[in-house]
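Below is one structure, written out as structure tokens; comments come after it.
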Amino acid sequence: MAKKLIGVFLCTILAQAFQTVHAQPANDMCHAAISLACGSVMQGSTLYSTADSFSLCGSKTAASHGVWYVFTGSGMVTTVTTCSPATTFDTEIRVFTGSCAETSCLSYNDDAFTCETGGSSVTFLADSGIVYLIYVSGYGQAAGNFELKVSCHSPPHQFCSQPQIGLPDGSGGITDTLSIDQVPGYIYAMQVKVDLSHPASGDVELRLESPSGTMIMLYEGICGAFADVKGVFTDSALLQCPVAYFQPAYPAQPLASFHGQPLTGTWKLHALDRATAESGILHSWCIEALTGTCGINSQCDDGLACTIDTCANGVCLFAPHNCTVSLSGRVITPVGQPVPGVVLLLSGDDSQTDTTAADGTYSFEVTQGGSYLITPLKTDDQPPAQGITTADITRIRRHILDLDSLGSPYAMIAADVNGSATITTQDIVQIRQLILGNSVQYSSGILWQFVSTDYLFPTPENPFVFESFRTYTELNSSVSEQNFIAVKLGDVNHSWTPAH
């Protein structure tokens, strides 16, 4: 029996020894929070992090395992976001004031309205010298890798109206206007502050209308019998009832509906008392907004299918999306005969090779937006004198004696086998040696020359300087018919065909 117990004990110890141990993130605990600053971009992970105990802080369920960061305010409007293609799971962000021992929830976000990647975004005014604790976790039990970005901006534009007008009970309501002049750019964040007295806030409806005609329900009496509507409506708030003086509250419909619209123009606040017997007073209301060159992603569309175009804090960002475009063409002789076996070298932002098929075609798939160079190359031929006969020698001799010009630039390039940029009897000597089998190449070391079909010879009678390549700068769409003329040196009558 003792031996059996010892065996069980040893097996347990061995099993525990072979269990995989995963390292926790360095900032798993609040006291080890990683410092952030305006402009920070950090890669993080919640994998293998442990749970923390604090109040729900805006979510309906307790936070999953997460990691901590710390940020010291400088009086700027601060946005902390995981909205990035590098974020791989559904994140949540919580912002606290206080200390690790006693946190006080400031703001929470699960899914940012303008984020398409499952990321979160929290915007708050970071008072100078105040330390903020930031907790990044996953929705439910989600976990993974994320990119955390911090951006800071000057305080928002603020415009207020102080009508001090009564809100009659059971009537058609009132409308107050707020005119805003010459604010550049488009709204990308905003909040609305309302100071309205009423014995029963559940009787009140508030609608906000933009100069562009968009209208949202700001408040629809959700707070029931609580008195007054005195709150700051913001999409990142934790509560829906502005029951305390100027406490943050989220609106009945998102203020993000106004993102991308100009702030300039006449705004309207429509107030309605839906019940009788009690009336109220609209004391004041204010709009606070941040504007930039964009407010929504669609205002950043650059027309390219292969970039992710996003508006982040009023600025357009264009991220490569690994899309490809094609470069294709053919290699043919001056009389249209396809040339197989030509090696095409692609260089620049990518390096590839392709060899022409029996029909002379080639093709490359390259990253969109890159710059490239294509150079054809064919160093051999079997047999080396394929397509070259004494008829070619005769034509070259008559050209040298001014009895009959070779005529085309391609024929003249074919005649200059030694690469001297002239046509002489030395070329004839080397061609004869190739035909007789006494050599396998010319003194120039090549048997072929290549000319881009787009190249126009400025002086056709002196064609020895030409473009033997093709270049592409910031290639954004597929291109075809990127052809080359292949010139077999020595074959001035272009009789070459592939050997069988």
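List of remarks:
- Residues satisfying the stated conditions in the range 450-482, i.e. of a type outside the set (Phe, Trp, Tyr), buried (at least 19 other Cβ atoms within 10 Å of the Cβ) and touching a Gly at 6+ places or on another chain (Cβ under 9 Å): 470, 475, 482
- Filtered residue count, the range 216-247, keeping only those that are closer than 23 Å to residue 314 by Cα and without any contact (Cβ under 8 Å) to a residue 40 or more places away in the chain: 0
- When 280, 387, 314 are checked against the criterion of being touching a helix residue (DSSP H, G or I) at 6+ places or on another chain (Cβ under 9 Å) and surrounded by 19 or more Cβ atoms within 10 Å (Cβ to Cβ), 280 stands alone in meeting it.
- Of 303, 295, all but one fail to be free of Cβ contacts under 8 Å to residues at least 60 places away in the same chain, part of a loop (DSSP other than H, G, I, E, B) and not aliphatic (A, V, I, L, M); the exception is 303.
- Residue 358 in contact with a Lys or Arg (Cβ under 7 Å, 6 or more places away or on another chain) and over 30 Å from residue 321 (Cα atoms): no
- Elements of type strands (runs of 3 or more DSSP E) contained in the range 313-354, each with 3 or more residues being closer than 30 Å to residue 153 by Cβ: 315-320
- Test for residue 346: is it over 31 Å from the mean Cα position of the chain (by Cα) and not acidic (Asp, Glu): no
So that you can scan it fast, the table gives a plain yes or no per residue for (1) in contact with a His (Cβ under 6 Å, 6 or more places away or on another chain); (2) at pLDDT below 95; (3) not in a strand (DSSP E or B):
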{"site": "179", "(1), (2), (3)": "no, no, no"}
{"site": "183", "(1), (2), (3)": "yes, yes, yes"}
{"site": "199", "(1), (2), (3)": "no, yes, yes"}
{"site": "216", "(1), (2), (3)": "no, no, no"}
{"site": "223", "(1), (2), (3)": "no, yes, yes"}
{"site": "230", "(1), (2), (3)": "no, yes, no"}
{"site": "235", "(1), (2), (3)": "no, yes, yes"}
{"site": "238", "(1), (2), (3)": "no, yes, yes"}
{"site": "242", "(1), (2), (3)": "no, yes, yes"}
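- Where residue 119 falls short, out of the listed (1) among the small types (Gly, Ala, Ser); (2) within 23 Å of residue 40 (Cβ to Cβ); (3) part of a strand (DSSP E or B); (4) out of contact with any His (no Cβ under 8 Å at 6 or more places or on another chain): (3)
- Residue match in the range 227-250 (condition: touching an Asp or Glu at 6+ places or on another chain (Cβ under 7 Å), under 30 Å from residue 38 (Cβ atoms), surrounded by 14 or more Cβ atoms within 10 Å (Cβ to Cβ) and not β-branched (Val, Ile, Thr)): yes
- Any hit, the range 460-470, residues being among the charged types (D, E, K, R) and at pLDDT below 95: yes
- Filter pass, residue 129 being surrounded by fewer than 14 Cβ atoms within 10 Å (Cβ to Cβ) and over 26 Å from the mean Cα position of the chain (by Cα): yes
- Qualifying residue in the range 329-338 (condition: more than 40 Å from the chain's Cα centre (by Cα), surrounded by 14 or more Cβ atoms within 10 Å (Cβ to Cβ) and among the charged types (D, E, K, R)): no
The values are calculated or read from the model by the stated rules, or taken from the named source; none is laboratory data. What you are looking at is a predicted structure, and each value in this text was computed from that prediction instead of being measured. Neighbour counts run over all protein chains shown; Cβ positions are idealised from the backbone, glycine included.
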